[in-house]
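Each remark here refers to the structure printed beneath this line.
Read-outs: derived from the displayed coordinates by stated rules, not from any lab. Given the structure is predicted, the values throughout are model-derived calculations rather than measurements. Glycine also receives a Cβ, built like all others from the backbone with ideal geometry; neighbour counts cover every protein chain displayed.
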């Protein structure tokens, strides 16, 4: 399998780490949807990250759908099995995904849309949505901290971590530990795990050659 996309995307990084946690071999090709459009188009004309090129050569999109397929291949899931724990994890994951989505919108408003075309009320709305998601996620983690070790890490703890590191990549979206102390503490602990160290949130990755990852 081949994972296409840059690791500065929290969605691409989420899939890459999940692949490693599930013990599935893959090749990572760090293509940007902006800088490498022609190469990306040849693989997936939709030019959407993450894209997983499956063993049959067909592209699969959307991090959630990709992970559903990966867990089918692995025969196990990173979601908790019990209904109470699973619902709690789903709620935390939903907040993390909402914060990711709004953060991406903020980045695009600042870095893609021309300054004279930015609609300030819309941008403020998105910022408020992002902050609400971050506050709620921080409170949820403070109330019931997710697992922080690789053996028990679930999707909610993984997502919270890649979200936090994504926020730190750009000054327009950065949050501080004072803003979200529980979220920051969780992410900083999880980022020290070898599987996270080996898949850094690196927006300047070299896209000239594929990388093969095997556990």
- Per-residue Cβ neighbour rank within 10 angstrom, fewest leading, 70, 169, 65: 65, 169, 70
- Message: Students often get this wrong: which residues of the range 4-31 have the backbone nitrogen under 20 Å from the point 7 angstrom along Cα-to-C-beta of residue 76?
- Response: 14-26
- Note on the structure: So residue 112 and residue 179, fully extended at 0.36 nm per residue minus their Cα-Cα distance, gain in nm 21.5 nm
- Could you point to the label whose value was computed as Cα extents along the principal axes in Å for the structure here, given [x] 54, 34, 29; [y] 57, 36, 33; [z] 50, 43, 27? [z]
- Item | Per-q log10 I(q)/I(0), the range 61-163, q = 0.16 Å⁻¹ (Debye; single scatterer per alpha-carbon; no solvent) | -0.77
- Message: Over all directions, the average projected area of the alpha-carbon convex hull for the range 18-98 comes to how many nm²?
- Response: 6.4
- Packing rank of 189-201, 4-16, 89-101, where each peptide gets the mean count of other beta carbons within 10 Å, highest leading: 4-16, 89-101, 189-201
- Subtracting the Cα-Cα distance from 0.36 nm times the residue separation, let me have the gained length for residue 27 to residue 86 in nm, one decimal. 18.2 nm
- What helix-only [θ] at 222 nm does the chain give? Using -39500 (n - 2.57) per DSSP H run of at least 4, over all residues, to the nearest 500, the answer is -16500 deg cm²/dmol
- Query: Given the range 1-149, what percent of its DSSP beta bridges are antiparallel, to the nearest 5?
  - Reply: 65
- Note on the structure: Expressed as a whole-number percentage, the relative contact order of the chain with C-alpha contacts under 8 angstrom and at least six residues apart is 31
- Please order 28, 119 by the number of other Cβ within 10 Å, starting at the fewest. 119, 28
